[in-house]
Amino acid sequence: MSKKEAKVKEWPFEKGERVKLTWIGEPFKQNNKWVINSYFKGNRNTRKVILDWGSVHFLVTEKYYVDGDLNNSEAPENSEIIELNLKVAKTEYRERPWEVWGSGFKDKTKSKIFSFIDKGELYIIPIIEIIRAVLAPSKFMLNRILEMDAFDNYFTYDIDKRKLEIHFTYEYEQKLLKTDKINHLAWLLTNTNALKMFNKVGQNVWQLKELKFDFLLENFNIRVRIEKKNNYTKILEILALKRKKINVEEVNVYHPSLEETQSSNEAKIRKYINKNSNSDRELTSEGDGSTKTSEEINDLLIEHEYEILPQINKKKKGFRVARKAEDENTKKYILEDNNLRTTADVGGEDVIRGLEFTSIDKVEEKGELAEFVEVLKFLEKREDIKKVNIIIGELPEGKRGKRFARLSDGVTKRKYTIGQVTMSNGREFSLIDVEREGKVLSMLMLRSDNNVNWNLIYSKLLFGLVDESGKWNNETINNAINNRIIIERIKHINRRIDENLNFLYSKLFLWKSNNI
């Protein structure tokens with residue numbers, strides 16, 4: 001029985017044509033998300049297909065694909081499956097220039113492999129297969145591995161003796177709490193060398209602009225599909241990673257979805273109704289990343305076997321309100337499901353990429369936002385303020401109301417500034433201000449005592465501002481408040497800089513002193 005289909009929407013080959021995947025390129029940014037070039041050889045020519053980086057799940061070189069169905073590939077006839085224990089093998093990273101050409105292109109790239117010498121035999125494996133099958137065997141992990149400080153927005157963790165505690169945020173989806181995904185995460189977090197490899201991938205992609213990392217695993221037991229050459233063996237595909245060792249006996253999992261539920265007589269705020277949904281999906285790299293939830297399309301492709309499984313405890317803390325009733329005020333959203341899916345989970349118009357803070361003392365700003373920057377610099381000098389960082393950027397175009405993204409001349413992009421203030425007690429606040437040109441627009445002050453994906457919050461607020469043509473979007477603000485983020489609007493009133501400084505400082509001090 002075949003697996004659920006996951007078809008590439010724009011497939012450049014004839015219907016029924018059996019084509020071989022010959023090469024997988026390095027990840028690169030397109031429309032603010034990570035994609036790859038994949039190269040397929042058909043009966044007449046080789047074509048290049050752009051896919052989301054998350055589609056690496058389905059891609060194995062030398063395999064055959066029909067009609068763009070990535071989830072039902074066929075293995076090459078001359079391959080065989082063997083068991084390998086490369087625990088004591090000598091490992092070496094190798095790279096060399098490589099060219100891929102076909103219909104309308106001639107691309108220069110690099111061949112990157114790890115070579116293993118075991119009992120006089122030479123084995124080689126592409127480094128991307130180590131990423132796909134060993135380090136990041138799920139879509140969530142694939143999309144995290146290209147990030148710096150990949151996990152900060154999704155959870156914090158602590159290892160105490162033989163116990164691992166993971167505190168997930170709202171950004172980590174409930175469906176990812178499955179045992180197999182928790183086990184892999186626990187293996188990664190409790191094995192220093194595996195975690196170093198994982199983090200190095202993202203670091204080198206951002207700093208060196210290429211996939212590159214060292215192989216550090218000491219225990220490497222695998223079931224693989226191979227192809228024997230004259231003087232070496234090529235590992236085409238890792239089918240199973242065996243004897244994985246999780247270095248704790250117990251894993252405690254905390255997630256907002258595990259909170260005790262209290263029923264409420266209040267009506268639902270919104271209701272989602274799905275239409276026209278069927279089992280198969282079409283993949284497109286043109287779509288933005290997923291926003292609220294993602295979908296694990298493929299079945300389990302790679303087996304991960306463990307020496308001893310830890311006890312996983314899903315812990316409950318606190319309460320959440322469940323609204324079950326509906327009334328005339330309940331908004332109903334009809335979701336027309338066209339079965340198009342993207343394997344990226346962020347990108348496109350939904351998230352502003354590259355939101356990176358810098359120290360306030362490195363920033364000089366002119367124009368309307370200069371006073372805001374000066375106030376932040378004065379704030380940093382107060383003894384109970386530990387540090388102040390800042391982002392200055394240009395508003396995104398948004399989906400509607402693009403006119404506000406530019407100043408009144410219609411050409412100059414409108415700037416925003418986000419100040420991040422860290423108090424001496426560790427509590428953090430954010431201040432968001434935007435060039436107004438005389439418009440009545442408040443500054444926003446934000447705080448949360450929970451783990452929050454701040455980049456996502458900033459992005460939604462700024463997109464909402466553009467889409468509302470220069471007004472803060474109330475629905476976006478209310479959604480943030482529902483996620484336990486405190487937001488206060490601060491009106492712009494003509495004050496001297498020192499008066500603005502004292503006013504903001506009094507607000508911050510009040511928030512710092514009170515548990516609100």
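The values are calculated or read from the model by the stated rules, or taken from the named source; none is laboratory data. Values in this document were obtained by computation on a predicted structure and should not be read as measured data. Note: ideal-geometry Cβ built from the backbone for every residue, glycine included; neighbour counts use all protein chains shown.
Quick look at the numbers
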| read-out | value |
| --- | --- |
| Complete set of residues in the range 19-36 that are under 24 Å from the mean Cα position of the chain (by Cα) and of a type in the set (Phe, Trp, Tyr) | PHE28, TRP34 |
| Residue check for ASP214: farther than 30 Å from ASP118 by Cα and either assigned by TED's automatic domain parsing to the domain that holds ILE124 or outside any helix (DSSP H, G or I) (or both) | no |
| Of the criteria (1) more than 30 Å from ILE166 (Cα to Cα); (2) at pLDDT 75 or above; (3) in a strand (DSSP E or B), which one ASN389 fails | (1) |
| Residue match in the range 37-45 (condition: assigned by TED's automatic domain parsing to the domain that holds LEU236, more than 25 Å from the chain's Cα centre (by Cα), part of a strand (DSSP E or B) and surrounded by fewer than 19 Cβ atoms within 10 Å (Cβ to Cβ)) | yes |
| Qualifying positions in the range 102-111 - surrounded by 13 or more Cβ atoms within 10 Å (Cβ to Cβ) and touching a residue at least 40 places away in the same chain (Cβ under 8 Å) | GLY102, ASP107, THR109, LYS110 |
| Number of positions in the range 113-134 that are modelled with pLDDT under 90 and closer than 22 Å to ARG243 by Cβ | 2 |
| Residue under evaluation LYS175, criteria (1) outside any helix (DSSP H, G or I); (2) closer than 22 Å to GLY54 by Cα, criterion not met | (1) |
| Odd one out for ILE235, checked against (1) surrounded by 17 or more Cβ atoms within 10 Å (Cβ to Cβ); (2) among the aliphatic types (A, V, I, L, M); (3) in a loop (DSSP other than H, G, I, E, B) | (3) |
| First in the range 301-312 and outside the structural domain of LEU239 (by TED's automatic domain parsing) and surrounded by 14 or more Cβ atoms within 10 Å (Cβ to Cβ), second anywhere and among the basic types (Lys, Arg) and not in a loop (DSSP other than H, G, I, E, B), Cβ under 7 Å, 6 or more apart | HIS304/LYS244; TYR306/LYS244 |
| Qualifying residue in the range 421-440 (condition: surrounded by fewer than 16 Cβ atoms within 10 Å (Cβ to Cβ) and either touching a strand residue (DSSP E or B) at 6+ places or on another chain (Cβ under 6 Å) or not assigned by TED's automatic domain parsing to the domain that holds ARG382 (or both)) | yes |
| Exclusive hit being assigned by TED's automatic domain parsing to the domain that holds ASN221, surrounded by fewer than 17 Cβ atoms within 10 Å (Cβ to Cβ) and farther than 30 Å from ARG243 by Cβ, set GLU74, GLU80, GLU14, GLU95 | GLU14 |
| SER459 vs. criteria at pLDDT 85 or above and assigned by TED's automatic domain parsing to the domain that holds LEU376 | yes |
| Among residues of the range 1-43, those that are modelled with pLDDT under 80, of a type in the set (Gly, Ala, Ser) and more than 14 Å from SER55 (Cα to Cα), counted | 1 |
| Extreme residue, modelled with the lowest pLDDT, among residues of the range 477-516 that are in a helix (DSSP H, G or I) and among the β-branched types (Val, Ile, Thr) | ILE497 |
| Which numbered condition GLU62 fails, given (1) out of contact with any strand residue (DSSP E or B) (no Cβ under 6 Å at 6 or more places or on another chain); (2) more than 21 Å from LYS139 (Cβ to Cβ); (3) acidic (Asp, Glu) | (1) |
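Rundown of residues vs (1) in contact with a Gly (Cβ under 9 Å, 6 or more places away or on another chain); (2) surrounded by fewer than 15 Cβ atoms within 10 Å (Cβ to Cβ); (3) β-branched (Val, Ile, Thr); (4) at pLDDT 85 or above, yes/no style:
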position	(1), (2), (3), (4)
PRO137	no, no, no, yes
MET141	no, no, no, yes
GLU147	yes, no, no, no
ALA150	yes, no, no, no
ASP158	no, yes, no, yes
ARG162	no, yes, no, yes
ILE166	no, no, yes, yes
THR169	no, no, yes, no
LEU176	no, no, no, yes
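Condition check ((1) of a type outside the set (D, E, K, R); (2) without any contact (Cβ under 8 Å) to a residue 60 or more places away in the chain) across all residues:
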position: GLU17; (1), (2): no, yes
position: LEU21; (1), (2): yes, yes
position: ASN37; (1), (2): yes, no
position: THR46; (1), (2): yes, yes
position: ASP52; (1), (2): no, no
position: LEU59; (1), (2): yes, no
position: ASN72; (1), (2): yes, no
position: SER79; (1), (2): yes, no
